[in-house]
Structure formats: structure tokens, C-alpha cells
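Written out below as C-alpha cells is the structure these notes cover.
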Amino acid sequence: MHRVTDELIASGQAGRALHAGDRAPVFALPDPDGKLVSSQDLLTSGPLVLTFYRGAWCPFCNLDLQALEEVRPDIEARGALLLAVSQ
């Protein structure tokens with residue numbers, strides 16, 4: 001784990017990653033029913049709060065998504081949409 005972490009740090013990838021508040025590139029991904037959902041289309045109704053959910057096997061991801069679900073009414077009250085992207 002430490003070796004892989006060190007390799008990731010040495011790669012400089014973190015410096016090229018998006019940061020909080022950055023605009024994500026436009027994307028289209030299938031929803032659970034296979035229908036393509038476009039970020040561009042979703043943005044027509046307001047800003048997006050985007051999170052990445054690795055899966056039910058990830059305890060951190062579950063806690064993160066639960067916390068976001070708890071504040072989803074506040075997010076929506078501000079005119080934004082919560083969008084979770086998963087494999």
C-alpha cells in the first residue's frame with residue numbers, strides 16, 4: 001500500500017487532477033437502465049454536485065454517500081442536483 005501510494009505521489013497525477021470548484025469535462029454515461037445521461041443536459045437545470053461511488057463493498061464510499069444523501073435536500077434547495085457516478 002505504501003509503495004503504491006509513493007508511486008502515485010511520484011507520478012504527479014494529483015497535480016493534474018481537478019480540484020474542488022473546478023469545472024468537470026462534459027460527459028455522458030449510462031444510467032442503471034442503460035439510458036445515456038449527459039452532464040450538459042443536467043446542467044441546464046442547475047449546478048451539479050458530483051461524487052464518485054466505488055461500490056457497496058467500500059465502507060468509506062458508503063459513509064460518504066450516506067452523508068451526501070442526508071444533505072441532498074439542502075443541495076436541491078440551492079438549485080443543485082446530486083449526481084453519484086459508479087461503475
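Residues that are part of a helix (DSSP H, G or I) and within 15 Å of R54 (Cβ to Cβ) within the stretch 68-87 comprise just one, L68. The helices (runs of 4 or more DSSP H) found entirely in the stretch 1-52 that carry 1 or more residues being at pLDDT 90 or above and within 14 Å of the chain's Cα centre (by Cα) are 39-42.
Could you go through the stretch 11-19 and let me know if any residue there is among the hydroxyl-bearing types (S, T, Y) and surrounded by 10 or more Cβ atoms within 10 Å (Cβ to Cβ). Yes, some residue in the stretch 11-19 is among the hydroxyl-bearing types (S, T, Y) and surrounded by 10 or more Cβ atoms within 10 Å (Cβ to Cβ). Report, ordered by the first and then the second residue, all pairs with beta carbons closer than 9 Å, sequence separation of six or more or different chains, a first member in the stretch 20-31 that is in contact (Cβ under 8 Å) with a residue 40 or more places away in the chain, and a second member that is assigned to a strand (DSSP E or B). Matching pairs, first to second residue: L29/L36; L29/V37; L29/S38; L29/V85. Pairing residues of the stretch 48-72 that are within 17 Å of L29 (Cβ to Cβ) with residues that are part of a helix (DSSP H, G or I) and hydroxyl-bearing (S, T, Y), at Cβ distances under 9 Å and at least 6 apart in sequence or on separate chains, gives L48/S39; L50/S39. Each residue in the stretch 28-71 was checked for being polar (S, T, N, Q) and surrounded by 12 or more Cβ atoms within 10 Å (Cβ to Cβ), and 4 pass.
The values are calculated or read from the model by the stated rules, or taken from the named source; none is laboratory data. These numbers were taken from a predicted model, which means no experiment stands behind them. Because the Cβ atoms are built from the backbone with ideal geometry, glycine has one as well, and the counts that use them run over all protein chains shown.
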